[in-house]
């Protein structure tokens with residue numbers, strides 16, 4: 001009899017705990033439902049990437065010693081390093097360097113392990129194009145520094161939404177009438 005009562009008590013405690021968890025989940029859902037929608041007008045407004053954001057890779061041709069460490073640490077052996085051995089100075093001379101961003105997984109290993117710091121990550125995330133072969137950047141394209149989102153005067157910058165507290169988020173109020181596409 002005692003085991004049956006303790007089993008019933010244990011079952012009721014577990015049921016109450018499950019109801020609490022379900023209630024907590026509903027509270028989170030209701031909190032998100034009460035917020036106004038946050039709309040960013042993309043070409044004219046852009047989010048500022050976080051400081052640890054890994055965007056397009058920038059390459060400095062003059063610093064590279066063609067050691068190919070970036071190729072060895074890349075999970076997919078992506079950077080293509082073409083070099084020739086100069087016998088008179090007994091050193092490698094870099095001829096060309098390229099990265100295909102259509103294949104790159106932006107892991108950042110090449111940047112982290114580069115001994116001469118000729119590779120760095122930029123905040124550029126706009127890599128949309130019509131032909132995937134245009135994502136193969138050579139050393140000239142990799143050497144161009146993108147315009148910083150903060151420095152571009154034509155764009156209104158918006159700080160990351162995750163850093164804003166609930167009280168500071170203001171929704172996008174749309175005062176225009178929504179046209180119906182169904183007649």
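Points to keep in mind about this one:
- Residue with peak Gaussian network fluctuation, the chain [Cα springs, cutoff 10 Å], from 59, 26, 106: 26
- For the stretch 52-158, the Rg and Dmax computed from alpha carbons only, in angstrom: 15.1, 55
- Cβ-Cβ FRET estimate between residue 6 and residue 34, R0 fixed at 45 Å, reported to 0.05: 0.60
- Neighbour-count ranking [beta-carbon atoms within 10 angstrom, fewest first] of 134, 62: 62, 134
- Fewest-first sequence of 33, 27, 121 by Cβ atoms within 10 Å of each Cβ: 33, 27, 121
- In the stretch 1-127, Cα pairs under 8 Å separated by at least six residues give a relative contact order of 27 percent.
- With contributions of -39500 (n - 2.57) from each DSSP H run of at least four residues, the per-residue ellipticity at 222 nm computed over the chain stands at -8000 deg cm²/dmol.
- Counted residue by residue at 0.36 nm each, then reduced by the alpha carbon distance between them, the extension gain from residue 130 to residue 65 reaches 20.0 nm.
- Label separation (residue 86 vs residue 26): 7.5 nm, computed from points 7 Å beyond Cα along the C-beta direction.
- Beta-bridge orientation, the chain: approximately 80 percent antiparallel, per DSSP, counting only bridges with both partners inside.
- Calculated FRET efficiency for the pair residue 107/residue 51, C-beta based, R₀ 22 Å, to 0.05: 0.80
The numbers here are math on the coordinates, done by the rules we state, and not lab data. Quick caveat, the model's predicted, so the values are computed rather than measured. All Cβ positions, glycine included, derive from the backbone under ideal geometry; neighbour counts span all protein chains shown.
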